[in-house]
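This report concerns only the one structure given below.
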Amino acid sequence: MPAATFDPKNFPETEEDIDFTDIEQAYPLPKDEGFDSLVVVDNVPVVDQSKEEKLVTVLKKLITKAAGPIKENGLFMPTENKDGKRVSKGYCFVDFENAESAHAAIKNLDGHRMDKSHVLAVNRLTDIEKYTAMNDQYVEPEQEEFVQKEHLRSWLTDSQARDQWVMYRADDVSIFWNRKTETPEHEYSRTNWTETYVQWSPLGTYLTTFHRQGIALWGGPSWNKIVRFVHPGVKLIDFSPNERYLVTWSNEPINVSRIPEGSVNPFTEEDEGNQIVIWDTLTGALLRSFPVVQTGDAPKAISWPMFKWAPTEKYFARLVAGQQISIYEAPSMGLVGKKSVKIDGVADFEWSPANPNSGDDKIFQKEEVLAYWTPEVGNQPARVTIMGVPSKEIIRTKNLFNVNDCKLQWQSQGHYLAVKVDRHTKTKKSTFTNLEIFRLCQKEIPVETLEIKEAVIAFAWEPKGDRFAIITTSDPNLGVSAGPNGQAPAILKTSVGFYYLDNSKAVVAYRPLKIFDKKTSNHLFWSPKGRHLVAATLRSTTVFDLEFYDLDLEPAADKKDIAKEDVGANVHLISTQEHYGVTDVEWDPTGRFVITGSSMWRHTADHGYCLWDFKGLLLFRQTIDKFKQLLWRPRPESLLSKEQKKKVRKNLRQYSKVFEEEDLAVGDAATAKLVATRRKLVEQWYTWRKQTEKRVAEERAEVGKEIKTASDEGKLEVVEEWIEEVVEETEEIVE
């Protein structure tokens, strides 16, 4: 056999020129699936070899339940030798079947508390590599140029301490300053600023506008766009009490594929089909989306707000009617205790507005509080329950019988809870109302039952007070939606009643302060500062009454002795007015002014608004075509301490003199402006008259008909004219 010879021409120049096809076919490698399905779990308990197998079993069970199946041998826990023993390093790697399970593990297990000292931290393997792959050489970052941002609460610095309102008419949205009796001062306007309606945030920082693809928040002196939230078809929104979070709802389920190309898409596959979204208003980030929970087969009307916030914004909750209350924690968006509160038959709930950290000495609860009620089921009575959160401890309960419906009404400081209980007689032929009043400002939380023999159609606590007002009726037309021939329902005959907490007797209880009968009112509107109230007849076709009440009007000097004996002597109906077509009533944040509006959304004619003072005196009226909406801009809580407020009240007369001088100056300026305007008009009229006389004289001279004047000597012609005038006429009959 001839010896093989080496030919450099036939030998490959590089490794790439070598053909490995036959080897690859004989020994195929598994397809590279990437690292998207791998996660790293930190803060795992450190155990020795004897407990390693048990810990792996616990972790596999926990991870599989929260995220889905993992690959065979897909959990690896590194170990090390320490003091002659093999122990785990406190973390592990998990390889899932797919990337979706890895994402679910991060969402559901990151922050999960295994025990008191171990809280899991779950991250993608690729993220860890990205954050640890750092350059050893320090590179100084580029310094961005500072851009001064506008102050979002600049309107509070107005030198005259005026309030603003937003008006929506036709296609225009405008901001105005209130000027009492004068025409409002225009601040800003924009056409087609919103597509449906506008809404202020609770503290007045943002103005919300609605659009087909989502909503936008505006603010600052220039009314620039602050942040935009993409949620197609959004219809309803709700802010948390301090404006940190925003809840949006759309009747269209989220469809990721329908988000227009080029626009920001905050949604992932996990949000597909959901209709409720919670956002962070500061960053614009999507925190979590939720589906709408329907109970029963038939779809029900949306109850809004769907999520209700605790006053501290730390918790929010929603009701699954008849089943449970789901309480979530912010900003993690996870369930408190990892599960909902199961309550058979639960019908409604409300958070107490009391902040446990406010320092209020009348609040004895050290955590958030909510109240809920359950209807009668079989032999089990209806029940009102007060529960603490997050402990879920039951603080107080009260059983109720023969119940048709309940409404929970918290006083603004959380000192009292009134439960309006609509009850039926044993025969179920007639109904009446009881008020169950829980006094949470006392440690034992006593409950008082106040029986009202008529149906209560409206209830309202006085802000920051212990008095309340109700509207009652015994009219048989209650509940009748329309007349027999389709005409509008009859106006109900009602009574407006005021109640107070009587501490003068051995048994502390609520008693009537004063009752006003023969009214037609159906809505109550307290001044945000208390004391004053407007009782209105709204959405009627025939009656449009506005009644202004003062609960602390001091009596005349000659009637003070009578007032000492009559507890209701200071309660007066100080004014009764009418605004044709009134549909809405809005108090300003200071409690000094009231605006009533007639919106084209609810009434067919005479659209516009009226501005009243708290005594019911009409200050300004404006008729506006296609008037839709008017909302006062809310104010945040005062930054003054109790001592500073006390000092202001003590020196109020001194401040009043300054304010009166300013008002007088404004009035004098307005009067001077009016006089100047009239004087200018008179001067313009005299100028026009002189010019006209000159032109007429020239025209008469051209035709030879000049006017004779006394200066024309020798040409003066005297014309005498006799005029017969009947001074008196007497008629006599001669027989």
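The values are calculated or read from the model by the stated rules, or taken from the named source; none is laboratory data. Predicted model only: the values in this text are computed from it and were never measured. No Cβ is skipped: glycine too gets one built from the backbone with ideal geometry, and neighbour counts run over all protein chains shown. Areas reflect the complete protein model, heavy atoms only, side chains present, ligands, DNA and RNA absent. Shrake-Rupley method; radii C 1.70, N 1.55, O 1.52, S 1.80 Å.
For PHE364 and ASN224, compute 0.36 nm times the residue count separating them, minus their Cα-Cα distance, and round to one decimal in nm.
46.0 nm is the gain from fully extending PHE364 to ASN224.
Provide the per residue accessible area, probe 1.4 Å, for the chain, rounded to a whole number of square angstrom.
63 Å²
Through the Karplus equation 6.51 cos²θ - 1.76 cosθ + 1.60, θ set to phi - 60°, convert the phi angles of region 339-344 into ³J(HN,Hα) values in whole Hz; use x for Gly and Pro.
Karplus values, whole Hz, x for Gly and Pro: 7, 7, 8, 6, 9, 4.
Taking the Cβ-Cβ separation of ASN404 and ASN242 as r and a Förster radius of 45 Å, what is the calculated FRET efficiency to the nearest 0.05?
After rounding to 0.05, the efficiency reads 0.80.
Determine the gain in length on full extension of the stretch ASP344-LEU640; use 0.36 nm per residue of separation and subtract their C-alpha separation, reporting nm with one decimal.
102.0 nm
Calculated from the structure, percent of Cα pairs over 53 Å apart equals which of [x] 67; [y] 35; [z] 14?
Among [x] 67; [y] 35; [z] 14, the one derived from this structure is [y].
Please get the size of the charge dipole for region 249-363, origin at its Cα centre, with Cβ charges of +1 on Lys and Arg and -1 on Asp and Glu, quoted in debye to the nearest 20.
Magnitude of the dipole: close to 280 debye.
Could you order HIS112, HIS532 so the one with the most accessible surface comes first? Probe is 1.4 Å.
Heavy-atom accessible area, descending, gives HIS112, HIS532.
Using a basic spin-label model with each label point 7 Å from the Cα along Cα→Cβ, how many nm lie between ASP606 and LEU335?
The answer from the label model is 5.5 nm.
Mind ordering 650-657, 400-407 by average Cβ neighbours within 10 Å, highest first?
Final packing ranking: 400-407, 650-657.
Non-local amide H neighbours of ARG179 (under 5 Å, H modeled in plane, Pro and chain starts lacking H): which ones?
It is GLU185, by chain and number.
Taking the Cα of VAL292, stepping 7 Å toward and past its beta carbon, and measuring to each backbone N in region 213-237: which are under 13 Å?
Answer for this model: 233-237.
Relative contact order (percent) for region 378-530, with alpha-carbon contacts under 8 angstrom and 6 or more residues of separation?
Across region 378-530, relative contact order equals 14 percent.
Extension gain LYS71-THR576, at 0.36 nm per residue separation less the Cα-Cα distance, in nm?
Contour length minus Cα-Cα distance gives 174.1 nm.
Pairs LYS362/LYS646; LYS149/LYS180; LYS339/LYS464; LYS493/LYS529; LYS65/LYS116; LYS407/LYS626: which are spaced more than 27 Å apart, C-alpha to C-alpha?
Long pairs (Cα-Cα over 27 Å): LYS149/LYS180; LYS339/LYS464; LYS493/LYS529; LYS407/LYS626.
Which distance in nm do the two modelled labels at ASN503 and ARG679 give, with both placed 7 Å along the Cα-to-Cβ direction?
6.0 nm
Which value, in debye to the nearest 20, gives the size of the charge dipole of region 549-636 about its Cα centre, when Lys and Arg are +1 and Asp and Glu are -1 at the Cβ?
Dipole of region 549-636, to the nearest 20 debye: 480 debye.
I'd like the accessible area for ARG153, computed on protein heavy atoms only with a 1.4 Å probe and all protein chains in place. Round to 10 Å², please.
80 Å²
Once you keep just the Cα pairs under 8 angstrom separated by 6 or more residues, what percentage relative contact order results for the chain?
6 percent
Treat each spin label as a single point 7 Å out from the Cα along the C-beta direction, and report the GLN213 to ASP36 distance in nm.
Once both label points are built, they end up 2.6 nm from each other.
Report, ordered by chain and residue number, the lysines lying within cross-link reach of LYS690, taken as a straight Cα distance under 29 Å and ignoring same-chain residues fewer than 8 apart.
The qualifying lysines are LYS673, LYS680, LYS705, LYS708, LYS715.
With an 8 Å cut-off on Cα pairs and a minimum separation of 6 or more residues, tell me the relative contact order of region 316-397 in percent.
That works out to 20 percent.
Setting aside same-chain residues fewer than 8 positions from LYS235, which lysines have a Cα under 20 Å from its Cα?
Result set, ordered by chain and number: LYS225, LYS300, LYS308, LYS628.
Sorted by mean Cβ packing within 10 Å, highest first, what order do the peptides 449-459, 131-141, 368-378 take?
Most protected by this proxy first, the peptides run 368-378, 449-459, 131-141.
Of all the accessible heavy-atom surface of the chain, with the other protein chains kept in place and a 1.4 Å probe, what percent is carbon and sulfur?
Carbon and sulfur together cover 50 percent of it.
Which of the aspartates and glutamates could be linked to LYS54 by a straight reach, that is with a Cα gap under 20 Å, when you skip same-chain ones fewer than 8 residues away?
Here the aspartates and glutamates satisfying the reach criterion relative to LYS54 are ASP42, GLU72, GLU80, ASP95, ASP115.
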